[in-house]
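Have a look at the structure below before the remarks.
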Amino acid sequence: MSEMDGPAEAPGAFGRLLETLCRIMALSGGAILLALAVMTVVSIAGRALFSAPIPGDFELVEVGAAIAIFSFLPYCQLRRGNVIVDVFTIRAGPRVRGLLDALGAFVYALIAALLAWRTFHGGANLKLYGETTMVLRVPVWWGFVPIVPGLVLLTVVAFYTAWRSFAEVKR
């Protein structure tokens, strides 16, 4: 099976390192979602049974879900799990599709790098201005801290998958 046909183990030491980092980040995102689900059930039960929900539960879900989503993106990209709409390329050969995959991953890497840069600066500005959440009064910039590394890893992984796709086309 060629790499363009679907997910494959990332080759080489660098690929294995990326695979490990992406798995750790994705598992962390899963743990966050699990914790959010438990917290939501406890909050709903507390609201229904005791008129005592967890204060700021919606704020925690908001921030936690964002962190989890950005934790999943690198693994999804590494495993080629993103949705591809191939209406115009269904009849194209594997080389053309491979080149388009490489170009798409490269553009995705550029976008991820831009998002990482702007998210870092956005979080820094929020820290500077001292913005907090409405109920819990938690500094908003705290949520940006785990998101930026996810975007940086996504950038590296997207460049890596672009390189892999291009290398596959050359073979």
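The values are calculated or read from the model by the stated rules, or taken from the named source; none is laboratory data. As the structure is a computational prediction, the values presented were derived from the model and not from experiment. All Cβ positions, glycine included, derive from the backbone under ideal geometry; neighbour counts span all protein chains shown. When the accessible area is computed, the model is the full protein with side chains, heavy atoms only, and any ligands, DNA or RNA have been set aside. Shrake-Rupley method; radii C 1.70, N 1.55, O 1.52, S 1.80 Å.
Given a 1.4 angstrom probe, what's the average accessible area per residue across segment 7-150, in square angstrom? Let's see the in-between values first.
Working: 9190 Å² over 144 residues.
For segment 7-150, the solvent-accessible area averages 64 Å² per residue.
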Compute the projected area of the convex hull of the Cα atoms of the chain, averaged over all viewing directions, and report it in nm² to one decimal place.
12.3
Segment 44-148: relative contact order as a whole-number percent, Cα under 8 Å and 6+ apart
33
Hey, got the dipole for segment 12-171? About the Cα centre, +1 on K and R Cβ, -1 on D and E Cβ, debye to the nearest 20?
660
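Return the FRET efficiency for the residue pair LEU114, VAL41: r is the Cβ-Cβ distance, R0 is 35 Å, and the value is rounded to the nearest 0.05.
0.40
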For helix 57-78, report the angle its Cα long axis makes with the longest principal axis of the Cα atoms of the chain; keep it between 0 and 90° and round to the nearest 10°.
10
Of LEU78, LEU33, THR133, which is farthest towards the positive pole of segment 17-171's charge dipole, taken about the Cα centre with +1 and -1 on the beta-carbons of Lys, Arg and Asp, Glu respectively?
LEU78
Which FRET efficiency, nearest 0.05, do VAL61 and PHE14 yield, Cβ-Cβ r, R0 45 Å?
0.80
Set Lys and Arg Cβ to +1 and Asp and Glu Cβ to -1, take the dipole of segment 13-154 about its Cα centre, and tell me which of SER43, PRO94, PRO55 lies farthest positive.
PRO94
With the chain treated as a Gaussian network of Cα nodes joined by springs under 10 Å, which of GLY93, GLY104, GLY30 yields the largest mean-square fluctuation?
GLY93
What are the residues whose amide H is under 5 Å from the amide H of THR132, where those residues sit 5 or more places off or on another chain and H is modelled from the backbone?
VAL140
If each part is reduced to its alpha-carbon centroid, segment 122-171 and segment 59-89 end up apart, in Å, by 12
What's the longest bit of the chain with no exposed GluC sites (Glu not before Pro), using DSSP loop states and at most 13 other Cβ atoms within 10 Å as the test?
10-130
Positive minus negative residues near ARG95 (Lys, Arg vs Asp, Glu; Cβ under 11 Å)
+1
Of all accessible heavy-atom area on segment 1-139, the percent that carbon and sulfur account for (1.4 Å)
72
